[in-house]
């Protein structure tokens, strides 16, 4: 049985109609090919803003500083931090409402922000979203002892948990 196809036969017409329909439909999809408007991507949703649990003025002052890696060492480290008040770490008040502290591996202190995050967390770091890799999270603060940990796992592995113990006022 021989099937003879003429140049303008049924198969050619189906292919031509299918091709034209594809071109017309692509223009309806809003693509830029045939005068449609280009797709505009929606901006990412804004990060929900939460108030920080602490005010900057609560952290300003003179602090004894020490660090630990194992939770069992916390009490010993707090005592060591208290002993550092002879050479305190000073958290200053920033000119635009932040606090002056060091970022990890930075020799110069700079103004940082207290940033509230989801779940009642509070972070200390540069302008930006809470929980950024340059931030440190405040794990606990009772007005006298402040415990923080850097968000970046590599930095946190090097610095561990930071303990700041408020120094007594100068006599």
Open item on the list: If the requirement is being buried (at least 16 other Cβ atoms within 10 Å of the Cβ) and either in contact (Cβ under 8 Å) with a residue 24 or more places away in the chain or within 17 Å of residue 149 (Cα to Cα) (or both), which of these qualifies: 120, 125?
Closed with: 125
TODO: Might you let me know whether region 51-61 holds any residue that is modelled with pLDDT of 95 or more, closer than 14 Å to residue 166 by Cβ, over 26 Å from the mean Cα position of the chain (by Cα) and in a strand (DSSP E or B)?
DONE: yes
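Can you report the number of residues in region 114-157 which are assigned to a helix (DSSP H, G or I) and either outside the structural domain of residue 95 (by TED's automatic domain parsing) or closer than 22 Å to residue 96 by Cβ (or both)?
Going residue by residue through region 114-157, those that are assigned to a helix (DSSP H, G or I) are 118-120, 153-157.
In the following step, the residues that additionally are either outside the structural domain of residue 95 (by TED's automatic domain parsing) or closer than 22 Å to residue 96 by Cβ (or both) were identified as none.
So the answer is 0.
Does residue 109 count as free of Cβ contacts under 8 Å to residues at least 24 places away in the same chain, surrounded by fewer than 17 Cβ atoms within 10 Å (Cβ to Cβ) and in contact with a strand residue (DSSP E or B) (Cβ under 9 Å, 6 or more places away or on another chain)? Steps first, answer last, please.
Working: free of Cβ contacts under 8 Å to residues at least 24 places away in the same chain: yes; surrounded by fewer than 17 Cβ atoms within 10 Å (Cβ to Cβ): yes; in contact with a strand residue (DSSP E or B) (Cβ under 9 Å, 6 or more places away or on another chain): yes.
Criteria met by residue 109.
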TODO: Would you check which residues across region 52-87 are touching a residue at least 60 places away in the same chain (Cβ under 8 Å) and over 21 Å from residue 149 (Cβ atoms) and list them?
DONE: 62, 85
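The values are calculated or read from the model by the stated rules, or taken from the named source; none is laboratory data. These numbers were taken from a predicted model, which means no experiment stands behind them. Cβ atoms come from the backbone with ideal geometry, glycine included; neighbour counts cover every protein chain shown.
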